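The values are calculated or read from the model by the stated rules, or taken from the named source; none is laboratory data. Just so you know, these numbers come straight off a predicted model, no measurement behind them. Positions of Cβ are backbone-derived with ideal geometry, glycine not excepted, and every protein chain shown enters the neighbour counts. Quick note on the areas: whole protein, heavy atoms, side chains included, nothing else; ligands and nucleic acids left out. Shrake-Rupley method; radii C 1.70, N 1.55, O 1.52, S 1.80 Å.
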Amino acid sequence: MPSDSDKPVGPVISVQDVCITYRTTFEKSPTLKDAVLRLGRRERSVREVEAVKNVSFDVPQGSVLGIIGSNGAGKSTLVRAIAGILPPTTGRIVVRGKVSTLLALGVGFNAAISGRENVLLGGLAAGYSRAEIADKYEEIAGFAELGDFMDLPMRTYSSGMFSRLAFAVAVHMEPDILLVDEALSAGDAKFKEKAAAKMAELVGQARTMILVSHALGTVRDMCNDAIWMNKGRLMIRSEPQHVINEYTRFVNVGESAYTLEDV
Amino acid sequence: MSNAAVLKDDYLGEYHVYEPHRAGLPPIRPYFRELWRRRAFAVELAKSTIRSTHHDTVFGVLWNVINPLLLAGVYYLLVAIISQATQPSDYFAHLLAGLFAFYFVAGCMSGGSASVTSAGRMIMNTAFPRMLLPLSAVYIAFRKFLPTMLVYLAVALITHVGVSTTALLAIPMFMLLMVFGTGMGLLLATAQVYFRDTASFLPYVTRIWLYVSPVLFYPDAKFIEKIGPLIHLNPLYSLLGGWGDLLVRGDLIPAWMWIEAALWSFGTLALGAVVFMSRERDFAVRL
Ligand SMILES: Nc1ncnc2c1ncn2[C@@H]1O[C@H](COP(=O)(O)OP(=O)(O)OP(=O)(O)O)[C@@H](O)[C@H]1O
Ligand SMILES: [Mg+2]
């Protein structure tokens, strides 16, 4: 982290009254032909989805914030906005620090090229220099434990291998802020353990983390702060056990083996 | 040294504000600084695309060369049969130079149009200036163009057209072509996001564009006077006309041709950049 002893540290992430609206069309993919044909009918096939509604919260440095909530609650949308990928529709997000993302759709990997090339490409896209990536490459490959597969096109990878590499890249780029969105679910038990240890190590270095997960047990163990989102709104923000209790009471399932397991 | 420190503070250091901006452009200076800093990404993306489509192999390069070469042969015969007149001795070289340059622009257009929509996941998961994607397509088109120039040189020597020193002025003209191709690539990349059938219309458009540009004919052909000032609405009239005159004939071209070419190319780039940048934050939602 840059020296911050001389100035008071504000929150590392500050989400201020953010709304995010998707505009979707009904056609599978929009075409000029459809647009012209529709002109005759004067109908607009655009629907708006308010994925995030008036959400505000701050994340102080070094904290691990868990985000839980039902499917479609807007968790991934919120995390994308914090990463700077989706612009907020209204409101403001301020982020201090270098962000590394590990999002649900798998890092921007191109299946046609090898893991090695993807690491380089992903790193360059995220703004690292060739030298920085070359420095880190051995560590990344070692952590992912993919062996010879690093030089094969990524379409030959299993989904677990995909997420191993994605995780290895995200954590080894020395981010100040790590955003993780259900990215580990495909990894095997051994890798999950290793990943959890690595994340704990990052937190030990005062890095900030946001962890989106349906595995309430993971949120309870790893996070020191949590929010629950429902239908785009922030329901409560509190310490993880309390948030989990409220959430499970709300959805009426109770803590069971199903809600606690898995990352 | 201090420069690096400033750079580090500005982007990695790390202070980002994300606000709504449907209406306008992103902050221009940070955008282009960021773009410049990540230029290696555009190059690397281009290289890995070239590798994965085998355009780096001997046969890949040959294909890029032979395709326009055969086309030039076809057009040569066609024009010879239709016009029933003997063409000037430099006609084949003119045809070839025009086709190679036209193929470069067409490559910028087709590559640019696919660049954003084919990068789907990368756009959903990484924040970077999206303009790197169409720029990478321009780089690919340029890499495919370079070997074709060797073929042109060979043909120019064989057909006794030769290469004069004036031909060096074709290099700045090619740069204008590149500026124009970049602008077109940016426009088409944006169009493709909103209308996914853009790329399927493109081949027809480029084919017609080829016929109305000074590739099959010379920029001073007789019938152009009949068309009148309308011909100047085709940006490639001055760009390809100037390119051919400089490279093949070794003629100095008039100043108005340079000015017209520069206006068209930079105008297209400015329009393309504004359209692309004002839309690019919408891309992640649209893909
Ligand atoms: N690209 C998109 N276009 C239109 N609507 C979208 C898009 N992505 C998400 N949505 C909508 O936004 C809402 C929130 O989605 P989001 O992916 O953020 O949910 P989530 O909390 O991550 O859910 P999950 O737990 O299933 O991952 C949903 O109603 C979804 O339908
Ligand atoms: Mg999600």
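Full extension of the segment from A:Asp148 to A:Thr21, taken as 0.36 nm per residue of separation minus the current Cα-Cα distance, would add 41.4 nm.
Computed with a 1.4 Å probe on the full set of protein chains, the accessible area for A:Met222 sits at about 40 Å².
Computed over chain B with a Gaussian network model linking Cα atoms closer than 10 Å, the most mobile of B:Pro129, B:Pro30, B:Pro68 is B:Pro30. Look at the stretch A:231-237: the mean tally of other chain Cβ atoms within 10 Å of its residues' Cβ atoms is 0.
Compared with the alpha-carbon gap, the fully stretched path from B:Arg121 to B:Lys222 is longer by 31.2 nm at 0.36 nm per residue. Electrostatic tally near B:Val161: other residues with Cβ closer than 15 Å to its Cβ, Lys and Arg +1, Asp and Glu -1, net -2.
For the segment B:192-200, counting C-beta atoms of other chains within 10 Å of every residue's C-beta and taking the mean gives 4. For chain A, the 222 nm mean residue ellipticity estimated from helices alone, with every DSSP H stretch of n ≥ 4 adding -39500 (n - 2.57) and the total spread over all residues, rounds to -11000 deg cm²/dmol. Think of chain B as a dipole: +1 on every Lys or Arg Cβ, -1 on every Asp or Glu Cβ, centred on the Cα centre; then among B:Ser136, B:Gly242, B:Leu146, B:Ser136 lies furthest on the positive end. D by Stokes-Einstein for region A:94-247, Kirkwood Rh over Cα pairs, 10 °C, 1.306 mPa s: 97 µm²/s. Accessible surface buried at the B:A interface totals approximately 3800 Å², computed with a 1.4 Å probe on protein heavy atoms. Dividing the radius of gyration of the alpha carbons in chain A by their Kirkwood radius gives 1.00 for Rg/Rh.
Magnitude of the charge dipole for region B:26-286, about its Cα centre and with charges confined to Cβ atoms of Lys, Arg (+1) and Asp, Glu (-1), is about 960 debye. Binning all Cα-Cα separations of region B:1-160 at 5 Å, short to long from zero, yields these whole-percent fractions: 1, 7, 13, 15, 14, 11, 10, 8, 7, 6, 4, 2, 1, 0. Ranking B:Met178, B:Trp258, B:His232 by Cα position along the charge dipole of region B:26-286, where only Lys, Arg, Asp and Glu carry charges on their C-beta atoms, puts B:Met178 farthest toward the positive end.
Separation of region B:118-197 from region A:142-202 is 37 Å, based on Cα centroids.
Given R0 = 35 Å, the distance between the Cβ atoms of A:Ser159 and A:Asn54 translates into a calculated FRET efficiency of 0.50. Karplus-based coupling profile of region A:172-182, in residue order and whole Hz: 8, 8, 6, x, 7, 10, 10, 10, 10, 10, 6, with θ = phi - 60° in 6.51 cos²θ - 1.76 cosθ + 1.60 and x standing for Gly or Pro. For A:Asp181, the residues whose amide H sits under 5 Å from its own are A:Leu102, A:Leu103, A:Ala104, A:Val212, ignoring neighbours fewer than 5 places away on the same chain, with H placed 1.01 Å from N. The residue list B:Leu69, B:Val43, A:Met173 was ranked by how far each Cα lies along the charge dipole of the protein assembly as shown toward its positive end, using unit charges on Cβ atoms, and B:Leu69 comes out on top.
Helix-only arithmetic for chain B: the sum of -39500 (n - 2.57) across DSSP H runs with n ≥ 4, divided by the residue total, places the mean residue ellipticity at 222 nm at -22500 deg cm²/dmol. Gyration tensor analysis over the Cα atoms of region B:164-270 returns equivalent ellipsoid semi-axes of 26, 17, 12 Å (largest first, whole Å).
Solvent exposure of A:Glu246, expressed as accessible area, is near 50 Å², computed with a probe of 1.4 Å over the protein chains only. Computed over the protein assembly as shown, the range of Cα coordinates on each principal axis works out to 90, 56, 47 Å, biggest value leading. The convex hull defined by the C-alpha atoms of chain B has an orientation-averaged projected area of 17.7 nm². For chain A, the number of Lys pairs separated by eight or more positions or lying on different chains, with C-alpha atoms closer than 25 Å, is 19. Amide H contacts of B:Phe128: none lie under 5 Å away among residues 5 or more positions distant or on a separate chain (H built 1.01 Å from N in the peptide plane; Pro and chain starts excluded). Taking the convex hull of the alpha carbon positions in region A:137-178 and averaging its projected area over all directions gives 3.0 nm². Close amide H partners of A:Met235, meaning residues 5 or more places away or on another chain with modelled amide H under 5 Å apart, are A:Trp228, A:Met229, A:Asn230. Per residue of B:115-121, other chain Cβ atoms within 10 Å of the residue Cβ number 2 on average.
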